[in-house]
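Asker: Below you'll find the structure I mean.
Bear in mind these aren't lab numbers, they're just calculated from the coordinates by the rules spelled out. These numbers come from a predicted model, not from an experiment. Glycine gets a Cβ as well: all are built from the backbone with ideal geometry, and neighbour counts include every protein chain shown.
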2 protein chains.
Amino acid sequence: MKAALGIDYGTESARAVLVDCEDGGELGESVYADANGVIDERLPTPDDGIELEPDWALQDPDDYVRGLKEAVPRLLAETGVQAEDVVGVGIDFTSCTMLPTLADGTPLCRLDDLRHEPHAWVKLWKHHAAQPEADRINAVAAERGEAWLPRYGGKISSEWFFAKALQILDEAPAVYVRAERLIEACDWTVWQMTGAETRNACAAGYKAMWSKRDGFPPATYFATLDPRFAHVVDERMSGTLLPPGARAGGLCERAAAWTGLRAGTPVAAANVDFHASVPATTVTGPGTLVMIMGTSNGHLLLGEELAYVEGMCGVVEDGILPGYYGYEAGQSGLGDIYAWLVRTVGGSHDALAAEAARLRPGESGLLALDWWNGNRSVLVDADLRGLLVGMTLATTAPEIYRTLIEATAFGTRVIVEGFERAELPVGGIVACGGMPDRNPFLMQVFADVTGRKIAVAGSRQAPALGAAMFGAVAAGAAAGGHDSIDDAARAMAHLSDATYVPNAAHREVYDRLYAEYVRLHDLFGRGGDDVMRTLKRIQLGA
Amino acid sequence: MKAALGIDYGTESARAVLVDCEDGGELGESVYADANGVIDERLPTPDDGIELEPDWALQDPDDYVRGLKEAVPRLLAETGVQAEDVVGVGIDFTSCTMLPTLADGTPLCRLDDLRHEPHAWVKLWKHHAAQPEADRINAVAAERGEAWLPRYGGKISSEWFFAKALQILDEAPAVYVRAERLIEACDWTVWQMTGAETRNACAAGYKAMWSKRDGFPPATYFATLDPRFAHVVDERMSGTLLPPGARAGGLCERAAAWTGLRAGTPVAAANVDFHASVPATTVTGPGTLVMIMGTSNGHLLLGEELAYVEGMCGVVEDGILPGYYGYEAGQSGLGDIYAWLVRTVGGSHDALAAEAARLRPGESGLLALDWWNGNRSVLVDADLRGLLVGMTLATTAPEIYRTLIEATAFGTRVIVEGFERAELPVGGIVACGGMPDRNPFLMQVFADVTGRKIAVAGSRQAPALGAAMFGAVAAGAAAGGHDSIDDAARAMAHLSDATYVPNAAHREVYDRLYAEYVRLHDLFGRGGDDVMRTLKRIQLGA
């Protein structure tokens, strides 16, 4: 038996999973809960504890190392798998989660004179304090007609790499000067494992405007943002960009000692969690949409050609699988919208879903726009808000619950139709993430609304399984792994038994409701009626 | 001490109140709960109990008589007021609540051969099964360009007199033939008290398209609805129409025996509950809007001239007070919308209101259209539905509660501005009904949104006090009552200590929110966007 190790670095923890390379059987898992968790109130420096501004969210890079030191040896011990039978290792990570380091990889927050400086720490994906920088990045790019801008739906997010880097320069120029490297946390962790700095094409492409054809944006662009920022790439990033599944290096002696694995064990280039899930759902080519359904909803699709699709989060050549353009779209709210209703009306998801499932489509007379957390695709507008219409005195909470589920399904249908308009067919859907297993009713609504058969990934740990698969590919077949991600997927990825087939009668009603959804979507989302933005302005006292 | 007796006939009970004619002091009250209540499932005929269709709502006329027999003697006994000190009696009633009788006033439902026939009973105001008849009445009137139609906002309701009468003819022609009289329950009850049939201008004007100038619609109009209906007025209604405060007659011997009052005691013409409240709030002339705030919201205003105001429920000369045009507008939902939220999210009104009151105007970023029960004024459209916009994941139930209150206040502001556009100034507002005393926060929002000072009626029983005041006027000053409703109001009507003055800072924010409300109101209410009607069609499977 040969196994691959996948480690999924999340917002609060690192989860290590050992997977049988032959059949994808999950041999065991072990979770390390980050000692310092999400740092969003004060720095974990016991002597003073600098207070953070609102919208800040940091992590401690030492938690990534502690994840290796604690979760991996425990997993080996619990499963009884021998170190020599672990053929390769892959990791996936939240992104963009980035940090400043010295040239040797030492995080600036480890330095005595910088540990009290918030900008020296890791900026977690949900650090939202770089909005002014993102606004500048977008305005200057639009003005200069930067070629990369359309690939990101015409707007990049404050969560992304250069917004965070520019915030360091803006607010803590002294830290910026000391930052010999600016690096994604996933690449930094691989660096700690292999002893050598590498970068991965997935995070660079989706979060740092890199493309295989054009590289990063030019120095002239960065200079327009700030002269001191001109050479951010050449001086602080650069390096080779490795495609998914490539071997980043072998496990170094120090990391072998941390983990109990053998030195030299192949380590794959790092990956972003959403994107690592794709092959783990059996998808290794165009035509099938992967949905990662959790608090938000991610949509990933492979294509042979570069096409411009409205409102993509990004399209990256080799970004998901080598040889394909990887298209990413998303809905900024899914499970968190349903959770909002549960919190607001009380009761439980299960009770609301059970009553909602008994209703017929259209029976409630309600319709919603699912923008409680803004709209990512296809409108790329964080200022949009939720809308609910059709209430009478007889309207019930389960009716609203069902309506919110339908609205998110309509939002996915808008994305699917956007792909198809760009000649990227969506023949079927495979879902993974936290929601599909627990919510058959939700899945049926998505099938009815989109008119697509929806399969569900067999593994509940799709990101970690995907990371392990890339680890197996980094090892290669001769070592007991696989020579390609296709081979790995055929052997290691499976679907569950659950399949959701569109109900023709439901579809007919949903087609009518969807026509109304699209009309309101365009009215409120494309500038015809500006009420949501006006309400936000009034709310902010502006 | 001289007292006047007011009896308020409601949906479930009759409430008798004795009032001191000199200072309006309420000497006591006594309530009779209707033995048969609202009859909306099956007839109260013990032998079989015919089942009623949905949307039906009936009453038993014998409950009106039992109200006289039980509540009045008990009230006299409890207060110790002597029969000779009761100078006059007035009643107010729900409307349109109507019944078919023989020429002598015997209700058809008392006849052995008709008591199993639902159409022989009293149709209560909220009997909603005559919509097809109302549609016909409106269509034919529009086609013929009937002059009375614009006085009712271009559309009459299925709750009104001729819709209910025509339903009897349509569905039970044999009952219609036996109905020698078709009469408002308030007029029937006065008939039982005086022994003589009279009609009142208020109910006739607001519910049966009567006007002082033109009388009822012409026989040619009724003939177009149905040839058998041509002479409905001449043959089954007719009679003198008495203005409010007129003496309908003296208490007959039989009614004196029922009540313990003296035979001959002056009885005022009947009145509709909303309208009877006006003088009880101290308002006896133009310039001050009376709001009757309960599950719905009624708006009454007096004017010197006949003006066409958009979306009035009706405008009736002498309909509220003699010498004035009485304008009635309304919002079909108020307290019932707030109650919907409490029911949907759990908790209590008081807890939600306390948290809502702590928010600043505009702070929630929310806006609603208050059409959970359709829109009466100014759009006159029962098919409209509620809308809520601006939700984020941080939106809370108290924020929604406040937003619903603000939306109903915006709806009142639309009505106020409609009056002012028609040159009927609204200088101030006096509120009565169930809500004002219990909800200071609600009242402040209405003051802030409308920019009007709002006073609150001193009596919690405004309809019964108004009825008693009209009873005092029927008696006259020489008998210890009053010679005019002005005199009665000066002596007997009072305001409470609570006055709500608009907060200038709040008003500024509300002006901005109101501009958005009006835009959405017109978009969804005037045909620009038909989503509410489309959702209703889909809901009905049409």
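Asker: Could you work out the mean count of beta carbons from other protein chains within 10 Å of each residue's beta carbon in B:531-538?
Answerer: What the average comes to for B:531-538 is 6.
Asker: What do you get for chymotrypsin sites (Phe, Trp or Tyr not before Pro) in the stretch B:438-542 restricted to DSSP loop and a cutoff of at most 13 other Cβ within 10 Å of the site's Cβ? Before the final figure, lay out each step's value.
Answerer: On the way: sites: B:F441, B:F446, B:F470, B:Y500, B:Y510, B:Y514, B:Y517, B:F524; in loops: none.
Filter output for the stretch B:438-542: empty list.
Asker: Where the centroid of each part is defined by its Cα atoms, how far is the stretch B:168-184 from the stretch B:215-247 in Å?
Answerer: Here the answer is 14 Å between Cα centres.
Asker: If you don't mind, another one. Can I get the semi-axes of chain B's equivalent ellipsoid? Compute them from the C-alpha gyration tensor as square roots of 5 times the eigenvalues, in angstrom, largest first.
Answerer: 36, 29, 22
Asker: Using only the Cα atoms of the stretch A:154-298, build the gyration tensor, take square roots of its eigenvalues as a ≥ b ≥ c, and label the shape rounded, prolate or oblate: rounded if a/c is under 1.5, else prolate if a/b is larger than b/c, else oblate.
Answerer: oblate
Asker: For the ranges B:457-463, B:425-431, what's the packing order if you count other beta-carbon atoms within 10 Å of each residue, average per peptide, and put the highest first?
Answerer: Going by the mean number of other Cβ atoms within 10 Å, highest first, we get B:457-463, B:425-431.
Asker: Within 11 Å, Cβ to Cβ, of B:G481, how many net charges do the neighbouring residues add up to if Lys/Arg are +1 and Asp/Glu are -1?
Answerer: -1
Asker: Moving on to the next point. If you take the C-alpha gyration tensor of the stretch B:77-163, multiply each eigenvalue by 5 and take the square root, what semi-axes do you get, largest first, in whole Å?
Answerer: The three semi-axes for the stretch B:77-163 are 34, 22, 11 Å.
Asker: From the residues B:C202, B:F161, B:F222, which one has its Cα farthest along the dipole of the stretch B:140-256 in the positive direction, the dipole being from +1 and -1 charges on Cβ of Lys/Arg and Asp/Glu about the Cα centre?
Answerer: B:C202
Asker: Going down the table (B:K123/B:K155; A:K123/A:K207; B:K126/B:K212; B:K2/B:K69; A:K164/A:K212), which pairs top 24 Å between alpha carbons?
Answerer: Pairs exceeding 24 Å: B:K126/B:K212.
Asker: Okay, next question. Using a label position 7 Å from Cα in the Cα→Cβ direction, what is the ascending list of nm distances from B:H349 to the same site in the other copies?
Answerer: Computed spacing set for this position: 3.6 nm.
Asker: For label points placed 7 Å from Cα toward Cβ, what is the shortest-first list of nm distances from B:L495 to its copies?
Answerer: In nanometres, ordered from closest: 7.3.
Asker: Given N residues in the protein assembly as shown, what is Rg(Cα) / (2.2 N^0.38 Å)?
Answerer: Its radius of gyration relative to the 2.2 N^0.38 Å reference: 1.18.
Asker: Sum up the charges of everything whose Cβ sits under 12 Å from the Cβ of A:L359, counting Lys and Arg as +1 and Asp and Glu as -1, but leave A:L359 out.
Answerer: -1
Asker: Moving on to the next point. For label points placed 7 Å from Cα toward Cβ, what is the shortest-first list of nm distances from A:G215 to its copies?
Answerer: Distances between equivalent label points, in nm: 9.7.
Asker: Is the shape of the stretch A:357-400 rounded, prolate or oblate, going by the alpha carbon gyration tensor and its root eigenvalues a ≥ b ≥ c, with a/c under 1.5 for rounded and a/b larger than b/c for prolate?
Answerer: Note, shape of the stretch A:357-400 comes out prolate.
Asker: Which order do the peptides B:30-39, B:318-327, B:388-397 come out in when sorted by mean C-beta neighbours inside 10 angstrom, highest first?
Answerer: Taking the mean over residues of other Cβ atoms within 10 Å, the ranking is B:318-327, B:388-397, B:30-39.
Asker: Continuing with this model, one more query. Please report, in whole Å, how far the alpha carbons of the stretch A:379-430 spread along each principal axis, starting with the longest.
Answerer: Largest first, the stretch A:379-430 extends 45, 27, 17 Å along its Cα principal axes.
Asker: Evaluate peptide A:510-523: per residue, the Cβ atoms of other protein chains within 10 Å of its Cβ; return the mean as an integer.
Answerer: 2
Asker: Given the -39500 (n - 2.57) contribution per DSSP H run of 4+ residues, what per-residue ellipticity at 222 nm results for chain A, rounded to the nearest 500 deg cm²/dmol?
Answerer: Calculated mean residue ellipticity at 222 nm is -11500 deg cm²/dmol.
Asker: OK, next. Order of A:D448, B:D55, B:D529 from fewest to most other C-beta atoms within 10 Å?
Answerer: Arranged by neighbour count, lowest to highest, A:D448, B:D55, B:D529 become B:D55, B:D529, A:D448.
Asker: Rounded, prolate or oblate, given the Cα gyration tensor of the stretch A:481-542, with a/c below 1.5 counting as rounded?
Answerer: Because a/c hits 1.5 or more and a/b fails to exceed b/c, the stretch A:481-542 counts as oblate.
Asker: Here is a follow-up. Which of the peptides A:209-216, A:156-163 is most tightly packed, and how do the rest follow, judged by the mean count of other Cβ atoms within 10 Å per residue?
Answerer: Highest mean packing first, the order is A:156-163, A:209-216.
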